[in-house]
Each structure stands twice: as structure tokens, then as C-alpha cells.
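The values are calculated or read from the model by the stated rules, or taken from the named source; none is laboratory data. Quick caveat, the model's predicted, so the values are computed rather than measured. When we count neighbours, we look across all protein chains shown, and the Cβ atoms used for this are built from the backbone with ideal geometry, even at glycine. All accessible areas refer to the heavy atoms of the entire protein, side chains included, with ligands and DNA or RNA removed. Shrake-Rupley method; radii C 1.70, N 1.55, O 1.52, S 1.80 Å.
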Amino acid sequence: MLLEVENLHVRYGNVEALHGLNLTVRQGEIVAILGANGAGKTTTLHAISGLLRPSRGEIRFESRPIHKVPAHHLVGMGIAHAPEGRRIFGTLTVQENLNLGAFTRTDRTRTAKTLRWIHELFPVLAQRREQLAGTLSGGEQQMLAIGRALMANPRILLLDEPSLGLAPLLVKVIFQTLWEINGAGVTIVLVEQNARAALKLAHRGYVMEVGRIVLEDRADGRPADQMGRLESGGHRRDAQPDRRGADRCGVPPRTAVCTVVCELIGGALAYAGTVVLFVIANKMTTAANTVLLQYTAPVYVILFSPWFLGERVSRRDWLILLVMMGGMVLFFLDKLTLTGYWGNIIALVDGFCFGWMTLFMRRQKDGSALSSLLLGNLLAGAIGLPFMFQSMPDLSGWIGLSLLGVLQLGVPYILFALALRHVRAVEGILIPMIEPVLNPVWVFLLLGETPGGLGVGGGTIILGAVMFRAWR
């Protein structure tokens with residue numbers, strides 16, 4: 001027997017919460033503990049994990065008494081607890097939360113293997129490893145809480161209300177993943193008020209009422225009266241899910257709609273500003289000045305990412321940006337001028353728009369980023385339409401404009417928006433800085449024109465910095 005609880009009594013001051021509890025868990029099982037609020041389910045898990053000291057009774061793990069062992073020692077023995085309410089550290093990143101789960105482990109190779117497994121179970125944790133945990137949705141926070149517990153490489157995993165506050169679709173995802181975790185050899189004790197979901201997953205189940213076990217059975221042998229009793233005595237979260245599961249961070253539906261619309265419009269305005277101001281700046285200053293000043297955009301992304309996106313920025317990001325800006329200056333050094341004052345100002349504003357376009361696209365990674373691009377193109381077209389009538393293009397001009405629209409704006413920005421679903425805004429804005437570096441390469445390949453030494457040196461610095469950033 002992996003876990004045995006015998007005649008367990010737990011008190012809160014003068015009030016006894018558990019009255020002689022008895023339960024067993026075999027290796028490889030999923031055991032559900034069900035009951036209404038106040039039945040003693042959470043108290044049971046707290047006693048098993050060492051957070052509460054029993055007043056009487058015994059808890060044995062692999063036949064060894066553990067009811068007097070401190071909680072942090074139990075983690076090292078193979079007992080991990082994902083508590084009710086997730087209890088993640090919101091001001092730390094996703095990766096830092098996961099690292100805390102492995103604080104008792106010393107084998108880095110096996111710890112890294114466990115981390116890869118957790119990323120396979122919950123790919124979103126890998127995608128958002130640098131994001132502040134407090135900015136995750138409720139479902140993502142629950143995934144993080146389970147992942148953090150698994151980082152301890154437990155023999156037995158104690159889960160307290162994993163479906164709390166989640167929409168039904170997310171509940172299905174979480175419970176399917178629990179089945180996979182159990183299939184990997186982890187025994188699970190599941191405290192849950194969603195009786196149907198828990199009993200579909202578990203091998204055996206216990207029902208608690210006011211600190212006592214009143215029913216015990218195989219999960220596939222649940223009688224109809226038991227199910228009726230559970231669903232009437234407990235709170236049916238599958239029928240009345242917590243409002244916090246409706247959207248991110250408990251935002252009411254009307255506010256959520258307003259937020260989506262604001263992000264859509266903000267992204268469209270920033271995109272239109274990027275496109276239109278780049279053209280205007282090119283008319284008023286040199287192309288080198290325009291491109292260089294447009295690529296001040298990463299500065300705004302690094303400045304505003306922590307506040308606007310909740311994505312942490314490191315000193316390394318600042319250092320790589322400075323190196324890349326230095327490479328960009330070297331690349332354009334022989335073409336930069338101090339003339340075209342207003343053109344340079346417009347190019348700086350263009351960089352500001354490009355930065356905020358990136359932030360809005362990343363903010364809409366799960367939503368309407370492509371819709372922002374479409375609306376932004378319509379806005380840019382509306383702004384440019386009056387100027388086009390001053391000199392109407394001929395057929396070849398229309399063909400050229402169409403090709404430029406598709407190949408220079410359409411496809412690249414669609415790919416950019418799609419890429420920002422999977423990488424942080426900082427990474428998304430730094431990598432495109434290689435774009436102007438590639439222009440001399442195409443000229444050399446197509447026309448045979450050899451780039452100058454400064455251009456080669458600056459381009460090498462930029463490419464090296466991007467490769468270092470991606471490798472690290």
C-alpha cells in the first residue's frame with residue numbers, strides 16, 4: 001500500500017474537523033475524495049502533506065509513519081501537493097514558478113527531463129515561460145500549479161479542486177492531462193466537487209460528510225443514489241461554473257468585449273501609422289535614416305512589455321538591443337545624414353508605432369491580431385487614396401502596387417502576427433532587424449553589386465546578436 005490514513009483526527013483549536021478518517025491509496029491509482037463544502041476534504045490533504053499536524057491517528061507512506069514529518073521533507077520523499085486556489089507566485093515568471101517546484105532536487109539532468117515532460121503536457125507553459133504567472137488565465141494558472149508540483153518528481157500527487165473556477169472545456173483538458181500523468185506512473189489523490197468528472201477519471205472514490213468517510217466504492221460502480229446525493233449535497237461546478245472561468249482574470253463579459261475592441265482598434269491604428277509614416281519619412285529624409293529610426297521600435301517594446309503584456313524583460317534583452325543598434329548604425333554609417341529634420345522626427349514616430357503594433361499583436365495572440373491587420377490596411381488605404389488620384393498609375397503600376405502590397409506588406413505582416421502567438425514581443429521585434437541586412441545580399445545575388453566593408457561588419461554584428469539571442 002502506497003498511502004494509508006488510519007483513525008485520523010485533526011483539530012482547528014477546539015473544533016475537530018476530521019473524526020477518525022480511514023482511507024488507502026495503492027500505487028498507480030487515481031483516488032477521488034468527494035463531498036460538499038466543509039466536509040473536510042482540503043483538511044485531509046493538508047494533513048497528508050504535512051501542513052496540518054493530526055491530534056490523533058497515523059499517516060503512513062510506503063509503510064513509514066509520516067504524520068510528524070515536516071512538509072518540506074515530505075516533498076523530498078515523493079509527496080507533492082497542488083493546493084486549492086492554485087497558489088502560484090504571481091510576481092514571478094512561469095519558469096521561476098516551475099523552478100521552485102524542483103527546489104529539493106539536485107540532479108540537473110533529470111530535472112531538465114522533467115521540465116521537458118511538463119512542457120509536453122502543457123505546451124502553453126513553454127510558450128509563456130517568461131510571462132509573469134499572475135497574468136495567466138485561470139486555466140493556465142491551474143496548469144502551472146500542477147506543473148510546479150510535478151517538478152518535484154512525486155510518487156503521489158495531491159490535487160485540491162483542479163476544476164475550481166474553470167470553464168467546462170478547460171476542465172476536460174485538465175482531466176485528460178491528469179489521465180496522462182497517471183499513465184506515466186504518478187499516483188493521484190484528487191479532491192473534487194465536480195463528482196461526474198472525478199468519478200469518470202478515478203479508479204476508486206471516497207465520499208466525505210462532516211469529517212468522516214461515509215461511502216467508498218470503485219468509481220465504475222457508482223450507484224445512482226450516490227450520484228444524486230453527491231450532486232445535491234455538493235456544488236455542481238459543471239452546471240454553475242465560477243464566473244472567474246468565463247474569461248481572463250475574471251473580467252465581466254461586457255468589459256471583455258470592450259477590451260477586445262480596444263485591442264483591435266489599437267493594433268489597427270498602430271499598423272496604419274507604421275505603414276503611412278514610413279512612406280512619409282522616406283519622402284522627407286534618406287532611406288537609411290528612416291530604416292534606422294524605425295528600428296528604435298524594440299526600445300518601446302522592452303519598456304512597455306512588463307506593464308502592457310506582463311512579459312518580463314532581462315538585462316540581456318537590453319544588452320542585445322544595444323549591440324544590434326550599434327550594428328545597425330555601422331551598417332548605414334556611410335548613408336546616414338543630419339539633414340531632413342522633420343523626416344527624422346516622423347521616422348522616430350514611425351518607430352513608436354511599430355513598437356506598439358508589436359505590443360498589440362502580441363496582446364491579441366489568442367484573438368484578433370489578423371483582424372487588426374485587415375482593419376489597419378483599410379485605414380492606410382483610406383489615408384493614401386486621395387494622394388493616389390493626383391497621379392493615377394497605369395496597368396503596370398497597378399500590377400507593381402499589388403505585388404508590393406501582397407509580398408512586402410500582406411504576407412510578411414501576417415507571418416509576423418502568427419509568429420507573435422508563439423514568442424515574446426521582445427523576441428518578435430528583435431529578429432526582424434535582420435531585414436535591412438538582407439537587402440544587400442539580394443542585390444549581390446541578383447545584380448552582382450558587392451556591399452561595402454561597413455555594411456558587412458554591421459550586418460555581421462546584427463546577425464550574430466540575433467543568433468546569440470535565439471541560441472540562449
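Of the peptides 377-383, 91-97, 74-80, 191-197, how do they stack up when ordered by the mean number of other Cβ atoms within 10 Å, highest first?
Details: 377-383: 15.0, 91-97: 18.4, 74-80: 20.3, 191-197: 23.9.
Result, highest mean first: 191-197, 74-80, 91-97, 377-383.
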**Request:** Take peptides 309-321, 8-20 and line them up by average Cβ neighbours within 10 Å, highest first, as a rough protection proxy.
**Result:** 309-321, 8-20
**Complete:** Of the listed links 200/365; 283/335; 41/68, those spanning more than 23 angstrom between alpha carbons are 200/365
**Fill in**
For the chain, averaging the sequence separation of alpha carbon pairs under 8 Å that lie six or more residues apart and dividing by its residue count, the contact order in percent is 15
**In sequence order, calculated HN-Hα J values of the stretch 419-433 (Karplus, 6.51, -1.76, 1.60; Hz; x Gly/Pro)** = 5, 5, 6, 10, 10, 5, 4, 4, 5, x, 8, 6, 4, x, 5
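Ordering 271, 413 by accessible area with a probe of 1.4 Å, largest first, what comes out? Mind showing how you got there, number by number?
Numbers: 271 0, 413 40 Å².
Of 271, 413, the descending order of accessible area is 413, 271.
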**Request:** Could you provide, to the nearest whole Å², the per residue accessible area of the chain with probe 1.4 Å?
**Result:** 50
**Under-5 Å amide H pairs with residue 52, H placed in peptide plane, nonlocal only** = 47
**Asked** Based on the alpha-carbon gyration tensor of the stretch 1-87 and its eigenvalue square roots a ≥ b ≥ c, which shape applies: rounded if a/c is under 1.5, prolate if not and a/b is larger than b/c, or oblate?
**Response** rounded
**Request:** Specify the angular offset, from 0 to 90 degrees and rounded to the nearest 10, of the alpha carbon long axis of helix 224-233 from the longest principal axis of the alpha carbons in the chain.
**Result:** 70
**Message:** Name the residue from 343, 296, 314 whose Cα lies farthest towards the positive end of the charge dipole of the stretch 288-358, charges +1 on Cβ of Lys and Arg and -1 on Cβ of Asp and Glu.
**Reply:** 314
**Message:** Once you order the gyration tensor axes a ≥ b ≥ c over the Cα atoms, which shape class does the stretch 56-151 get: rounded for a/c under 1.5, otherwise prolate or oblate by comparing a/b with b/c?
**Reply:** prolate
**Prompt:** Here are some values of P(r) over Cα pairs in 10 Å bins from 0, in percent: [x] 3, 11, 18, 19, 14, 11, 9, 7, 4, 2, 1, 0, 0; [y] 4, 17, 23, 18, 13, 11, 8, 5, 1, 0; [z] 4, 17, 26, 23, 17, 10, 3, 0. Which one was computed from this structure?
**Reply:** [y]
**Prompt:** Relative to the longest principal Cα axis of the chain, at what angle does helix 108-121 sit, 0 to 90 degrees, rounded to 10?
**Reply:** 80
**Asked** At 222 nm, what helix-only mean residue ellipticity would the chain give, in deg cm²/dmol to the nearest 500, using -39500 (n - 2.57) for each DSSP H run of four or more?
**Response** -17500 deg cm²/dmol
**Request:** Assuming R0 = 56 Å, can you tell me the calculated FRET efficiency for the pair residue 419 and residue 58, based on Cβ-Cβ distance, to the nearest 0.05?
**Result:** 0.50
**Complete:** Helix 297-308 sits off the longest principal axis of the Cα atoms of the chain, rounded to the nearest 10 on a 0 to 90 degree scale, by 30
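Which sequence of 199, 330 reflects their accessible areas, 1.4 Å probe, from the largest down? Spell out each step's value before the answer.
Numbers: 199 5, 330 50 Å².
The ranking, largest first, comes out as 330, 199.
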**Item:** Rounded percent of accessible protein surface that carbon and sulfur make up, the chain, 1.4 Å probe
**Value:** 63
